[in-house]
1. Any residue at all in the stretch A:143-160 that's outside any strand (DSSP E or B) and within 14 Å of chain B (Cβ to nearest Cβ)?
2. (1) farther than 30 Å from A:SER256 by Cα; (2) crowded, with 23+ Cβ neighbours inside 10 Å; (3) not charged (D, E, K, R): which one isn't true of A:ILE76, the others all being true?
3. Take the residues of the stretch B:299-330 that are acidic (Asp, Glu) and over 16 Å from B:VAL27 (Cβ atoms): which is surrounded by the fewest Cβ atoms within 10 Å (Cβ to Cβ)?
4. Quick check, is A:SER256 among the polar types (S, T, N, Q), assigned to a helix (DSSP H, G or I), within 14 Å of another protein chain (Cβ to nearest Cβ) and touching a Ser or Thr at 6+ places or on another chain (Cβ under 7 Å)?
5. Can you go through B:ARG23, B:ARG35, B:ARG12, B:ARG17 and tell me which one is basic (Lys, Arg), in contact (Cβ under 8 Å) with a residue 40 or more places away in the chain, open to solvent by 20 Å² or more (accessible area, probe 1.4 Å) and in a loop (DSSP other than H, G, I, E, B)?
6. Could you tell me whether any residue of the stretch B:282-293 is more than 14 Å from chain A (Cβ to nearest Cβ), small (Gly, Ala, Ser) and either in a helix (DSSP H, G or I) or open to solvent by 40 Å² or more (accessible area, probe 1.4 Å) (or both)?
7. Have a look at A:GLY244, A:GLY272, A:GLY203 and point out the one that is within 14 Å of chain B (Cβ to nearest Cβ) and either outside any loop (DSSP other than H, G, I, E, B) or over 30 Å from A:ALA342 (Cβ atoms) (or both).
8. Quick check, is B:ARG51 in contact with a Leu (Cβ under 9 Å, 6 or more places away or on another chain) and either crowded, with 19+ Cβ neighbours inside 10 Å or among the charged types (D, E, K, R) (or both)?
Protein chains: 2
Amino acid sequence: MTAGPPLSQAERIARLRLARTDRIGPVTFQQLLDRFGTALRALDALPDLIRKGGGHGHTLPPEGQIEAELEAGERIGARLIVLGDAAYPAPLAAVDPPPPLLWTIGDADLMARPCIAVVGARIASAGGQRIARGLSQQLGEAGHVVVSGLARGIDAAAHAGALPTGTVAVLGGGVDDVYPPDNADLYRQIAEQGCIVSESPVGARAQAKDFPRRNRIISGLSRGVIVVEAELRSGSLITARLAGEQGREVFAVPGSPLDPRSKGPNELLRQGAVLCEGLEDVERAFNTLRTLREPAADNPFNHAPDDIDQALIDQVAALLSPTPTPRDELARALGQPIGVVAAALLELSLAGRATLLPGGLVSL
Amino acid sequence: MTAGPPLSQAERIARLRLARTDRIGPVTFQQLLDRFGTALRALDALPDLIRKGGGHGHTLPPEGQIEAELEAGERIGARLIVLGDAAYPAPLAAVDPPPPLLWTIGDADLMARPCIAVVGARIASAGGQRIARGLSQQLGEAGHVVVSGLARGIDAAAHAGALPTGTVAVLGGGVDDVYPPDNADLYRQIAEQGCIVSESPVGARAQAKDFPRRNRIISGLSRGVIVVEAELRSGSLITARLAGEQGREVFAVPGSPLDPRSKGPNELLRQGAVLCEGLEDVERAFNTLRTLREPAADNPFNHAPDDIDQALIDQVAALLSPTPTPRDELARALGQPIGVVAAALLELSLAGRATLLPGGLVSL
């Protein structure tokens, strides 16, 4: 996403509608924008694409649903930021694929400042919470905005420590989904002094499936992720893994082997995370930090024809398997230009006959 | 030290006497053996060497002193092992320079088994002591002999955990110097079931200057050193540094940044120590371990003449400064063979006009 002219209001609403369409996840959303340039043109082309891909019974969300989402946002004073808006945070746009949109409450400009995530166990020790609070305060005073997930324990302590200097809470449900109830006061303070962010529609209650997407945004907004206390199988370790995949620095606060909540950070240290006892460790790492991975500049659809032959679509479909396969491998197998195969795969995915994955991979 | 024929009793006593001579530390001891082949011949040559180096007032320890040391050892049932004895532990012989001798009480064969050191803070937390004890028990059951320093806290807990499977306590004072008094019971148990080791004469009380030498033996006997709790400036971190220099693996048990006793191990982790939460971490590291550094095979004195010119000795002395200088740099500066310069330096060191350092370095 390089900076372009401001999007029209119609295009912004079309992006919201495209993002809310069944079977259109962030990968397909990105590819439709790449192929058609705008969401308005993509929406126009969609029924035909779906039919050609062999799908049926697949429809766009009714305009009323989209209007209702916009009105719900307006009612609570939330702001919609779509991919392509100037306010869309650059580090998040560099994620592959970027979330199509964000709803925000509060000061969205915080996301334009250097952000760092502090995450960890819900059932945290008193010491762990003290570390999270103190670290976030130090980070805030040094100019970092602290991002976390408004969960109990470490997340709440991290937000609390950074409240005076700037903190961003990313939710799994809508921006108005105050959860857990213990954090209602904290939620209110962040809405007033910080920023609440979510990819979900206003009014949506958080479900388990929302948290991986939420975690991707936490790490995607941030230059680095600090894990304070976490068990081995935990959302915090998933956030750390996503951060690594996104080319962000992973930090871990070490802990005693006697506490099971140290297992997560200690395992991250084994895997090469930066040991973090305080601000100094963060600054040292950033001073020698590799640059963020640049978003892929090449658009595979650059030389795609407007219309893809139906026989070719079926040939591509026949090559797919449940194992993710690189798009360019399919192109070589068929002796076809990558743009043609990418366009065929896009139509198959909209028809529910293929799943587009990050990094140009595709599976059945 | 490659295995040779057993040393005669006279030679073994000569090695003890040589080691107890003023100005003869481990480096000089090793070089005298290299130059003269035996301690008996080195003792014969010594008065002449000292005189030629420009020293005076320097004498061998009286034979009565050496006899008294041997008798004191015999009285308490201690055993003398000199460098070159079959019982001298191979990993310690690979240290540059190796300690010339060890006094032992108990089962000296333990040192021939794979050893690992567990060391840490004297004023240790209850948790730290529990970790040290549990880890040592695990290590012992897996076949490792646990080496430590019989200090309060972590050392004592490590010995206690490995008492049933085999533990070696290395002391700063003589092998009969029971210190601290709290550990008198533990000392007795180790003397009966394990092994007590020291480089110091029987009867000697530990002094501050003895501990760096003691720490060198702890790491030198071991394939690796595990640091459990330690402040930043502590003997345990010195032992870890020595272990690194000796090519041994350094392990650190992580701890919370809230406890100052975690600073030491956490700093070691930053510097690349292997994170250790239990036996598995140790075994994994040893399975991929670099081999121990081999002792240098070349004897610089191989082609040295029997007699070094007095003028040359003074030329070498003139080149020395307080900054450690490689021996071969001096040889190049003088256009002399390395063996000639090494021999001149040996004489200067015996005369107190040069200090021989490990790694072929020398200073004023």
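The values are calculated or read from the model by the stated rules, or taken from the named source; none is laboratory data. If you're wondering where the values come from, they're calculated on a predicted model, not measured in any experiment. Using ideal geometry, Cβ is built from the backbone for each residue, glycine included, and neighbour counts are taken over all protein chains shown. The accessibility values were calculated without ligands, DNA or RNA, using every heavy atom of the protein model including side chains. Shrake-Rupley method; radii C 1.70, N 1.55, O 1.52, S 1.80 Å.
1. Yes: the stretch A:143-160 contains one or more residues that are outside any strand (DSSP E or B) and within 14 Å of chain B (Cβ to nearest Cβ).
2. Exception for A:ILE76: condition (2).
3. Looking at residues that are acidic (Asp, Glu) and over 16 Å from B:VAL27 (Cβ atoms), I get B:ASP306.
4. no
5. B:ARG23
6. Checked against the condition, which is being more than 14 Å from chain A (Cβ to nearest Cβ), small (Gly, Ala, Ser) and either in a helix (DSSP H, G or I) or open to solvent by 40 Å² or more (accessible area, probe 1.4 Å) (or both), the stretch B:282-293 yields no hits at all.
7. A:GLY272
8. no
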